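Chemist: One structure, pasted below without further comment.
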Ligand code: ADP
Ligand code: ADP
Ligand code: ZN
């Protein structure tokens with residue numbers, strides 16, 4: 001089962017991707033998580049990526065594509081995977097398709113988690129991210145039982161720098177310009193499935209499982 005998650009920043013891609021990964025026992029691959037881990041570890045890639053991320057811009061395709069294609073060639077991806085936050089541009093989608101075609105494979109589903117812009121700023125201002133394990137909470141919709149401490153690893157939860165309202169606006173503009181065209185791209189391939197992302201997160205998950213088990 002190979003799945004691409006689409007949707008605006010804050011639509012709930014990561015939340016759903018983690019639930020799908022747990023239920024179907026496939027790896028969850030988040031480019032945002034990979035970049036943040038590199039920033040935390042002070043790598044050259046992290047240093048370069050941060051310049052773009054802090055401005056709400058996309059990290060250039062040259063720094064992103066090979067990283068993901070390499071990851072997909074690892075052993076644990078043989079039974080499938082969920083891509084969260086990649087592809088985000090048409091060239092990334094084309095590079096992914098080319099890499100899959102080389103192996104005689106193709107993407108199975110592109111799931112668009114649909115949430116209007118009006119809801120996004122609120123989602124983002126309430127998002128809290130764990131500085132230790134990357135777990136994601138929401139102060140209203142999905143609070144940690146331990147306040148501003150992660151339930152899973154005990155590290156502190158923070159508002160991400162790029163979740164400040166000004167940067168969120170920029171990310172939404174970038175989303176509409178560069179990422180939304182992927183909806184047409186995967187519609188043309190006949191694999192696009194849209195779900196209403198404004199529902200409760202468990203209802204969104206139910207809608208996704210219905211698609212995957214249809
Ligand atoms: P969100 O889940 O809120 O959409 P992510 O964690 O997916 O945010 O991504 C955070 C930032 O990392 C993005 O705003 C962008 O700068 C960078 N990024 C993540 N994935 C990609 C990608 N596929 N291409 C380019 N930049 C990316
Ligand atoms: P993305 O990966 O698309 O950027 P996240 O999964 O990180 O989005 O979700 C963004 C924020 O919204 C998080 O704080 C998350 O807990 C919360 N969230 C996710 N899904 C829902 C939902 N269906 N209803 C309300 N809040 C949600
Ligand atoms: Zn944690």
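Chemist: Of everything in region 93-132 that's assigned to a loop (DSSP other than H, G, I, E, B) and more than 16 Å from ligand 3 (Cβ to nearest atom), which residue is surrounded by the fewest Cβ atoms within 10 Å (Cβ to Cβ)? Walk me through how you get there before you give the answer.
Modeler: Applying the first criterion (assigned to a loop (DSSP other than H, G, I, E, B)) to region 93-132 yields 103-108, 115-116, 131-132.
From what's left, more than 16 Å from ligand 3 (Cβ to nearest atom): 103-108, 115-116.
Values: 103: 9, 104: 6, 105: 13, 106: 11, 107: 17, 108: 12, 115: 22, 116: 10.
Filtering region 93-132 for residues that are assigned to a loop (DSSP other than H, G, I, E, B) and more than 16 Å from ligand 3 (Cβ to nearest atom), the one surrounded by the fewest Cβ atoms within 10 Å (Cβ to Cβ) comes out as 104.
Chemist: Here's something else I'd like to know. When you go through 123, 127 one by one, which is the residue that is closer than 16 Å to residue 32 by Cβ and modelled with pLDDT of 95 or more?
Modeler: Values: 123 fails: modelled with pLDDT of 95 or more.
Checking each option against the conditions leaves just 127.
Chemist: I'm checking my understanding of the structure. Among residues of region 133-149 that are part of a loop (DSSP other than H, G, I, E, B) and under 17 Å from residue 28 (Cβ atoms), which one is farthest from ligand 3 (Cβ to nearest atom)? Outline the logic, then answer.
Modeler: Within region 133-149, the subset part of a loop (DSSP other than H, G, I, E, B) is 133-135, 139-141, 143-145, 147-148.
Still in the running and under 17 Å from residue 28 (Cβ atoms): 133-135.
Numbers: 133: 3, 134: 7, 135: 4 Å.
If we take residues in region 133-149 being part of a loop (DSSP other than H, G, I, E, B) and under 17 Å from residue 28 (Cβ atoms), then 134 is farthest from ligand 3 (Cβ to nearest atom).
Chemist: Counting only residues that are free of Cβ contacts under 8 Å to residues at least 24 places away in the same chain and more than 30 Å from residue 55 (Cβ to Cβ), give me the helices (runs of 4 or more DSSP H) lying completely in region 161-212 with at least 1 of them.
Modeler: Details: elements: 165-174, 181-189, 201-212.
Once the helices (runs of 4 or more DSSP H) in region 161-212 are filtered for at least 1 residues that are free of Cβ contacts under 8 Å to residues at least 24 places away in the same chain and more than 30 Å from residue 55 (Cβ to Cβ), what remains is 181-189, 201-212.
Chemist: Sticking with this structure for a sec: With respect to residue 64, determine if the residue is more than 16 Å from ligand 3 (Cβ to nearest atom), surrounded by fewer than 17 Cβ atoms within 10 Å (Cβ to Cβ) and under 25 Å from residue 135 (Cβ atoms). First the steps, then the outcome.
Modeler: Details: more than 16 Å from ligand 3 (Cβ to nearest atom): yes; surrounded by fewer than 17 Cβ atoms within 10 Å (Cβ to Cβ): no; under 25 Å from residue 135 (Cβ atoms): yes.
Considered against the rule, which asks whether it is more than 16 Å from ligand 3 (Cβ to nearest atom), surrounded by fewer than 17 Cβ atoms within 10 Å (Cβ to Cβ) and under 25 Å from residue 135 (Cβ atoms), residue 64 comes out as no.
Chemist: Same structure again: What number goes with the only condition from (1) at negative phi; (2) without any contact (Cβ under 8 Å) to a residue 24 or more places away in the chain that residue 154 does not pass?
Modeler: Just one mismatch for residue 154, condition (1).
Chemist: Output the number of the condition that residue 55 fails; it satisfies all remaining conditions of (1) more than 19 Å from residue 167 (Cβ to Cβ); (2) assigned to a loop (DSSP other than H, G, I, E, B).
Modeler: So the condition that residue 55 fails would be (1).
The values are calculated or read from the model by the stated rules, or taken from the named source; none is laboratory data. Every value quoted in this text rests on a predicted model; they were computed, and no experiment measured them. In this analysis, Cβ positions are derived from the backbone assuming ideal geometry, glycine residues included, and neighbour counts consider all displayed protein chains.
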